[in-house]
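Accompanying notes for the structure given below.
Just so you know, all these numbers are worked out from the coordinates, no wet-lab data involved. Everything numeric in this text was worked out from a predicted model, so none of it was measured. Here the Cβ positions follow ideal geometry from the backbone for every residue, glycine too, while neighbour counts run over all protein chains shown.
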């Protein structure tokens, strides 16, 4: 009998780092996959155990225990890397998997011309990376359905938090350009609320399988920049047109779509209360906890 709850996280990016920290502090035994020695060291630094992604023997030994699994890994060559590489082991050990989760993105909805979306909104992605996310979601839901494993999809809005915010960039004196598209709204989600919602979802009795993780206040990039600048008592970053050479192709692609993302199911069905209901509370907390102040 396992003394600790076990969590196996596939992929170690920004969000996974905070998940490792939180769950290890809650006395979970956390394993996290990586493909590099550098990331392995970082995983150890947050009190989790690194596992190299292609170490099938090690992953099978972890799956041989009762555990929860969470995939944060994006599609690779159009396919979900976890299902593609380890679907056979997940199937073999399905009786021991208590819960499975997959981190997706709100980009799966496609362009709604500024309208609201809920988890039941029809998915019409146009960007290739969003099309492959829809396929990955289906893979995970099919896996859960086939083996009677409670499986949840989390569609994340724009992720920010300590070390990954406009506050951090301005404090570091990075050159920041804001696209001058004043009516274009985006939702965001603070990393602490992602972690908190996932933690609650793992023990929830909700029958819902998909949750939007987004804040209460869709806002423009300029709104965020002006607020951050006021907090830091700095000049607001320069605005540029969407066609400017200063705007990367990746950044430009985000402006091809616009939607407002409802989080009603997160609050009403899951019962989660956002710690940071808007970018204002989130940036204020990051500012207060900055080493510079």
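Structure summary
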| item | result |
| --- | --- |
| Per-residue Cβ neighbour rank within 10 angstrom, fewest leading, 88, 287 | 88, 287 |
| For 116, 140, order by how many other beta-carbon atoms lie within 10 Å, fewest first | 116, 140 |
| DSSP bridge pairs, the chain: antiparallel proportion in percent, nearest 5 | 10 |
| Distance from segment 93-163 to segment 27-51 (C-alpha centre basis), Å | 24 |
| DSSP-defined antiparallel bridges as percent of all bridges, segment 4-147, nearest 5 | 5 |
| Residue with peak Gaussian network fluctuation, the chain [Cα springs, cutoff 10 Å], from 264, 77, 212 | 77 |
| Viscosity 0.890 mPa s, temperature 25 °C, Stokes-Einstein D of segment 142-210 from Kirkwood C-alpha radius, µm²/s | 161 |
| FRET efficiency, residue 57 to residue 208 (Cβ-Cβ, R0 45 Å, nearest 0.05) | 0.80 |
| 5 Å binning of all Cα-Cα separations within segment 46-126, expressed as whole percents from 0 upward | 3, 11, 19, 20, 15, 11, 9, 8, 3, 0 |
| Selected from 254, 52, 154 as most flexible by GNM, with the chain as the system and alpha-carbon contacts under 10 Å | 254 |
| Zero-based 10 Å bins, Cα pair distances in segment 89-146, whole percents | 20, 44, 24, 11, 1 |
| Taking 71, 204, 130 and counting other C-beta atoms within 10 Å, the order from fewest to most | 204, 130, 71 |
| Computed over segment 1-141, the ratio Rg/Rh where both radii use C-alpha atoms and Rh is Kirkwood | 1.00 |
| Folded to 0 to 90 degrees: helix 128-146 orientation relative to the chain principal axis, Cα | 30 |
| Debye intensity ratio in log₁₀ form over the Cα atoms of segment 1-43, taken at each q of 0.17, 0.19 Å⁻¹ | -0.44, -0.54 |
| Per principal axis, descending, Cα span of the chain in whole Å | 57, 43, 37 |
| Rounded Å value of the spacing that divides the Cα centres of segment 201-226 and segment 55-92 | 26 |
| Projected label distance in nm at residue 124 and residue 260, using a 7 Å step from Cα toward the beta-carbon | 1.9 |
| FRET efficiency for residue 249 and residue 35, using Cβ-Cβ distance with R0 set to 35 Å, rounded to 0.05 | 0.90 |
| On Cα atoms only, tilt of 279-288 relative to the major axis of the chain in degrees | 90 |
